[in-house]
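Remarks on the structure that follows.
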Amino acid sequence: MGIMICCICNKEFDKIEEVEIGQMKFKSKGGHSPFPVKEEGKCCTDCNFKVVIPARMKEILTSKEKEENE
């Protein structure tokens, strides 16, 4: 395995992460895309779920609201 640095929280994480959230298990290899929070780098699974995915959902909802108002 290798160690990577999360581009969002700056914490170290294993290149291959195994994470359990409730009854669900996730395996990540090489980190996650941090877009739209950051343009470059990789983020850890924790930041992916807590920061990146909510930011993506916000963008989707904002985009849909704009379409509905046009």
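The values are calculated or read from the model by the stated rules, or taken from the named source; none is laboratory data. The structure presented is a predicted model; accordingly, all values stated were derived computationally and were not measured. Every residue, glycine as well, gets a Cβ built from its backbone with ideal geometry; the counts of neighbours run over all protein chains shown. These area figures cover heavy atoms from the full protein model, side chains too; ligands, DNA and RNA do not enter into them. Shrake-Rupley method; radii C 1.70, N 1.55, O 1.52, S 1.80 Å.
Computed over the alpha-carbon atoms, the chain gives an Rg to Rh ratio of 1.09, Rh here being the Kirkwood radius from the mean inverse distance.
Label positions at residue 50 and residue 27, each projected 7 Å from the Cα along the C-beta direction, are separated by 2.5 nm. Compute the angle between helix 53-69 and the longest alpha-carbon principal axis of the chain, please, reported from 0 to 90 degrees and rounded to the nearest 10. The answer is roughly 10 degrees. Share of carbon and sulfur in the accessible area of the chain stands at 51%, probe radius 1.4 Å.
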